[in-house]
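The values are calculated or read from the model by the stated rules, or taken from the named source; none is laboratory data. Treat the numbers as computed from the prediction; the structure is a model and nothing was measured. Please note: Cβ atoms are built from the backbone with ideal geometry, for glycine as well, and neighbour counts cover all protein chains shown.
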Amino acid sequence: MTFPSEIKFESVTVKTKFNNFVTKSRSFKTIARATPAHQYEVRLRTTNLDDDKLRVMNSFIDSLDGRYGAFDVILPIYSTPRGVATGTPILNGSKLIGDTSIAVSGYSGSVTGIAKAGDYIRFGNHTKVYQVKADANTNGSGQTTLTINPGLLVAVTSGTAITVTDVPFNIRLTGDVQEFSASTKRRYPSIEITGEETLL
């Protein structure tokens, strides 16, 4: 399911969540253990909606059946790369869970800044969104290596397509109740929804 393209956002808040184990000994030594888990949480506030768009939004939210359904949404700013991001990038060699160094081919050749730190990418075989951690340039053949965070949560085979522009986040609502309100005095309300990234 895809978020309605006619609904625009006034603000977007993104939280990044890890699930680590951290304990402190009686001598105050901190012991930390990382787990292979990561999730984005988003809070989306729409622009003011006229009557038609309010009904569109109402219908879309209801069609999710609360936390049951999930949807792809392209986020302002976050889904747009800082890098040049031209070409048709694919994974160059299979990668395993936990890998952070990703060989890529299919980009435009000899480009400085083909990807930049803070860009988001998504692989074609699962819905998790990853963040590029360092700027990358391509060689004359359109190849480069991307460093991503977190490490892969799902193994990816060679040749898998990589989305680098208009990157969709796959989101599930965090609650089963969504409130809608409209006023005869204020005909153009906005709606706020909160969701968390799925891993499919």
Can you confirm whether the range 27-50 contains a residue that is loosely packed, with under 12 Cβ neighbours inside 10 Å, in a strand (DSSP E or B), of a type in the set (D, E, K, R) and on the phi < 0 side of the Ramachandran plot? yes
Just to verify a result, which residue in the range 167-193, among those that are modelled with pLDDT under 95 and not in a loop (DSSP other than H, G, I, E, B), is surrounded by the fewest Cβ atoms within 10 Å (Cβ to Cβ)? GLU192
If the Cβ limit is 9 Å and pairs must be 6+ apart or interchain, which residue in the range 107-120 that is free of Cβ contacts under 8 Å to residues at least 40 places away in the same chain pairs with which residue that is assigned to a loop (DSSP other than H, G, I, E, B) and among the basic types (Lys, Arg)? GLY113/ARG82; LYS116/ARG82; ALA117/ARG82; ALA117/LYS133; GLY118/ARG82; GLY118/LYS133
Determine which single condition THR88 fails, assuming it passes every other condition in (1) at pLDDT 95 or above; (2) of a type outside the set (A, V, I, L, M); (3) assigned to a loop (DSSP other than H, G, I, E, B). (3)
May I ask you to list the residues in the range 92-128 that are aliphatic (A, V, I, L, M) and surrounded by fewer than 18 Cβ atoms within 10 Å (Cβ to Cβ)? LEU96, ILE97, ALA103, ALA117
